[in-house]
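Read the structure below first, then the notes.
The values are calculated or read from the model by the stated rules, or taken from the named source; none is laboratory data. Here the structure is a predicted model, which means the values were calculated and not measured. Quick reminder, even Gly has a Cβ in these numbers, built from the backbone with ideal geometry, and neighbours come from all protein chains shown. For accessibility, only protein heavy atoms count, side chains too; no ligands or nucleic acids. Shrake-Rupley method; radii C 1.70, N 1.55, O 1.52, S 1.80 Å.
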Amino acid sequence: PIIEVQLFANQIRSTVRQELAKTIGQTIAHWRAAHNMTQEELAMALDVDPMTVSRFERGVTLPSLLTFQQIAITFGVSMAQMLEDAPAPAVGDESIFVSLMKTLAPEEQEFFMETLKRYRVLVRHRRK
């Protein structure tokens, strides 16, 4: 029973961390798009690799508190303001998609859309 409780607690922690990463990522993407910045420009301001910004925005990794503070400073707001003004998740997903697509070259956008269409067909086929 103790092991089961520990496993359950670990699952809860993991789920909460994933949701937090997703929310923080949506917030970063929202503020970056509102400031008409590319991921590359934000990465330069933070002195990190552009892939790091992408990973933050996709909710793959969480920025450290120091990095999150640097992001807030870059946008001229406090960390609290960034979190208070976070977009609603349903709208955030769409805005993240749009802001991420805008960072791609036209041929990359076309490739991504074709890949997404093929994936959708594959998923439908598997469900049958």
*Could you calculate the contour length gain from Thr67 to Glu84, that is, 0.36 nm times the residue separation minus the distance between their Cα atoms, to one decimal place in nm?*
4.3 nm
*Report ³J(HN,Hα) in whole Hz for each residue of region 50-65, in order, from the Karplus equation J = 6.51 cos²θ - 1.76 cosθ + 1.60 where θ = phi - 60°; Gly and Pro get x.*
x, 4, 5, 4, 4, 5, 4, 5, 7, x, 6, 9, 9, x, 5, 4
*What accessible surface, in Å², does a 1.4 Å probe find on Ser78, ignoring ligands, DNA and RNA and rounding to the nearest 10?*
50
*Sorted by accessible area with a 1.4 angstrom probe, largest first, how do Arg32, Arg127 fall?*
Arg127, Arg32
*Once you put a point 7 Å from the Cα of Val77 and another 7 Å from the Cα of Thr15, both along the Cβ direction, what distance in nm separates them?*
2.9
